[in-house]
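Quick notes on the structure that follows.
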Amino acid sequence: MLDSLGLKSAEALFDSIPENLLLRRQLNTPAALSEIELLARFEQMGARNTGARRTSFLGGGAYSHYIPTIVDHILSRSEFFTAYTPYQPEISQGTLQTIFEFQTLVCQLTGMEVANASMYDGSTALAEAVLMAERVTKRTKVVAASSIHPQYLEVVKTYVQHAGIALDVIDHDQETGQTGSSIASAIDDHTAAVVVQSPNFFGCIEDLSSLANAAHAKGALLVVAITEALSLGLLKSPGECGADIVVAEGQSFGVPLSFGGPYVGLFATQEKYARQIPGRLVGEAYDKKGRRGFVLTLATREQHIRREKATSNICTNEGLIALAATVYLETMGRKGIQEVAHQCVQKAAYAARKISALPGFSLPFTGARFNEFVVRAPINAVGLLAKLGTEKGIDGGLALSRFLPDHQNDFLVCVTEINTREQIDALVAGLSSLSKTQ
Amino acid sequence: MSSGITKVTTHISPNEQLIFERSQPGRIGYRLPPLDVDEQPLEELVPKEFQRSDDLEGVPEVSEVDVIRHFVRMSTWNYSIDLGMYPLGSCTMKYNSRLNERVARIPGSPISIRSRKNMTHRARSK
């Protein structure tokens, strides 16, 4: 290389930097470690994370599910994980076909007509859906349910605060834990979208068909967010209920919890809105000899068209994580997705029956549930859960007071197919004994 | 790369169908332990009007080896940094030590989040 550049040494490449700005010594960093030393160091540090080995009933947006062994095996194919973004379809048919299959699966599960190649995560997908509703309807008011995950609402607020969109958050029904029919009175001719989550933050299933009717009556779109995507294995799809845009967190589909990320956002809508969909899309195409291939299509990102005309300046998709979701869904397949959903419902119902039978404990919300439910304890939930963790080695749930200060004794319990009956019984016994001793 | 070497046979580079075209009713690629709690009638837990009625029609039904072959075949249709140099990808297309992958998989590893983030960045575009 130096010969073709006509240079004598690699150092000559830096001749344009003034001599007094050059660092003529070694960087003051620790010496590099060998593989043996580095592995030992991280194994030691990993062993100190004792919380990672607890029995967990944590949900609230991130879910512990069984991941078939082949998911990680296929992700480790370096042809997938070291491939660049598929700009050149001639050398990217593997990635493009997997994304096409991912989009098809997302459409099948959500009951929608078109899905994109994925978003960062569920919360940013929801914020993008709100912006898309504004583009579609050319209206600037958004009505959102207070039963949406508080962190999702925060992300939406961040996106809309300087976009000229007014966000109106409507209280949920205190008895059912669902969005009540009172939301209809907040929808008017300026409403771009009604935004709900189902199952919602409290684990309750929303009546999406009624909400769709209420939104459509005023010409607004219904945007549905889903944090527990495996609920789609059992619950009526938002598409069938009349939703216009459906977004979901895809972590439940074969993605480990990994301390909060990276996850993958699902985004689907109806075909008539396809040109307003954010992110990128892979389509099926044929060459002049009629041979099938897959290509990026409708690429209205800011590098291709004027920035203000772009549907989104997120041009990225979570390629590898979307691949994990695709492998998961194809491995579990039609029967597996249904069976996981069925076990989640039954195990959560078993746990709810046992916990609500404990003296002093109750379930404050009556709405139908999938695999999460709110428990009201006789004592402060933060203290109770902390003791359950340290004394019994169980993460018993998420204290709601972290987000909702007036819910001091409430916590959210999540049960999935990986929680055994023995673990559930240990949770119930732990709650029982620790609530007595205080 | 091309130093005048000629292989005795051409590389197998199979065209791969969509997984939906391989689906066979009743075929499965997973196994879960049987439900270990007392079952309650589903209608008592989730009202019928909230349940799916399409029986997940169209979602593929394939075996584990079907899935493995499907993805391994598709992987051979990708060019990647492990196959050769890529003069694109100003931000992230670099070779990463395989040790990072191993460390990311240590249970409870504090680096797991950071390393896995690198993995998704590689599929990003800017």
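The values are calculated or read from the model by the stated rules, or taken from the named source; none is laboratory data. All values reported here derive from a predicted model rather than from experimental measurement. Neighbour counts are summed over all protein chains in view; Cβ atoms, including those assigned to glycine, are modelled from backbone coordinates with ideal geometry. SASA here: full protein model, heavy atoms, side chains in, ligands and nucleic acids out. Shrake-Rupley method; radii C 1.70, N 1.55, O 1.52, S 1.80 Å.
So here's what we get for this one:
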quantity: Long-range neighbours under 6 Å by Cβ, at least six apart or interchain, first residue under 15 Å from A:ALA144 (Cβ atoms) within segment A:181-195, second part of a strand (DSSP E or B) and of a type in the set (Ser, Thr, Tyr); calculated: none
quantity: Complete set of residues in segment A:155-165 that are at pLDDT 95 or above and either open to solvent by 40 Å² or more (accessible area, probe 1.4 Å) or not hydrophobic (A, V, I, L, M, F, W, C) (or both); calculated: A:LYS157, A:THR158
quantity: Neighbours by Cβ (under 9 Å, 6+ apart or cross-chain): first from segment A:82-100, more than 7 Å from chain B (Cβ to nearest Cβ) and of a type in the set (A, V, I, L, M, F, W, C); second crowded, with 24+ Cβ neighbours inside 10 Å and part of a helix (DSSP H, G or I); calculated: A:ILE99/A:GLY319; A:ILE99/A:ALA322; A:ILE99/A:LEU323; A:ILE99/A:THR326
quantity: Test for A:GLU330: is it modelled with pLDDT of 95 or more, among the acidic types (Asp, Glu) and either touching a Lys or Arg at 6+ places or on another chain (Cβ under 7 Å) or open to solvent by 10 Å² or more (accessible area, probe 1.4 Å) (or both); calculated: no
quantity: Output for segment A:336-373, where each listed residue is of a type in the set (Gly, Ala, Ser), in contact (Cβ under 8 Å) with a residue 12 or more places away in the chain and part of a helix (DSSP H, G or I); calculated: A:ALA341, A:ALA348, A:ALA349, A:ALA351, A:ALA352, A:SER356
quantity: Failed criterion for B:GLU43 (all others in (1) acidic (Asp, Glu); (2) open to solvent by 40 Å² or more (accessible area, probe 1.4 Å); (3) at the interface with chain A (Cβ under 8 Å from one of its Cβ atoms) hold); calculated: (3)
quantity: Residue list for segment A:137-154, filter: surrounded by 19 or more Cβ atoms within 10 Å (Cβ to Cβ) and assigned to a helix (DSSP H, G or I); calculated: A:TYR152, A:LEU153
quantity: Meets criteria (assigned to a helix (DSSP H, G or I) and within 14 Å of another protein chain (Cβ to nearest Cβ)) for A:GLY254; calculated: no
quantity: Of all residues making up segment A:19-49, the number that are away from chain B (no Cβ under 14 Å) and assigned to a loop (DSSP other than H, G, I, E, B); calculated: 10
quantity: Selection status of A:GLU422, of a type outside the set (A, V, I, L, M), in contact with a Cys (Cβ under 7 Å, 6 or more places away or on another chain) and under 30 Å from A:GLY336 (Cβ atoms); calculated: no
quantity: Residue in segment A:410-438 that is most open to solvent (accessible area, probe 1.4 Å), counting only those that are touching a strand residue (DSSP E or B) at 6+ places or on another chain (Cβ under 6 Å) and either over 19 Å from A:ALA399 (Cβ atoms) or among the aliphatic types (A, V, I, L, M) (or both); calculated: A:GLN423
quantity: Looking only at segment B:54-85, and only at residues there that are at the interface with another protein chain (Cβ under 7 Å from one of its Cβ atoms) and of a type in the set (Gly, Ala, Ser), the one that is most open to solvent (accessible area, probe 1.4 Å); calculated: B:GLY58
quantity: Test for A:ALA52: is it within 10 Å of chain B (Cβ to nearest Cβ) and under 23 Å from the mean Cα position of the chain (by Cα); calculated: yes
quantity: Criterion: farther than 17 Å from A:THR366 by Cα, assigned to a loop (DSSP other than H, G, I, E, B) and at pLDDT 95 or above - qualifying residue of A:ASP188, A:ASP168; calculated: A:ASP188
quantity: Output for segment A:255-273, where each listed residue is open to solvent by less than 30 Å² (accessible area, probe 1.4 Å), touching a residue at least 40 places away in the same chain (Cβ under 8 Å) and more than 14 Å from A:VAL106 (Cβ to Cβ); calculated: A:VAL255, A:GLY261, A:PRO262, A:TYR263
quantity: Verdict on A:LEU384 being open to solvent by less than 20 Å² (accessible area, probe 1.4 Å), touching a Ser or Thr at 6+ places or on another chain (Cβ under 9 Å) and within 30 Å of A:GLY94 (Cβ to Cβ); calculated: no
quantity: Failed condition for A:ALA133, given (1) more than 22 Å from A:ALA243 (Cα to Cα); (2) at pLDDT 95 or above; calculated: (1)
quantity: Whichever residue in segment A:339-367 is more than 22 Å from the chain's Cα centre (by Cα) and aliphatic (A, V, I, L, M) and, among such residues, is most open to solvent (accessible area, probe 1.4 Å); calculated: A:ALA357
quantity: Scan of segment B:33-69 for residues that are over 30 Å from A:CYS241 (Cα atoms) and touching a helix residue (DSSP H, G or I) at 6+ places or on another chain (Cβ under 8 Å), ordered by number; calculated: B:ASP36, B:VAL37, B:ASP38, B:GLU64, B:ASP66, B:VAL67, B:ILE68
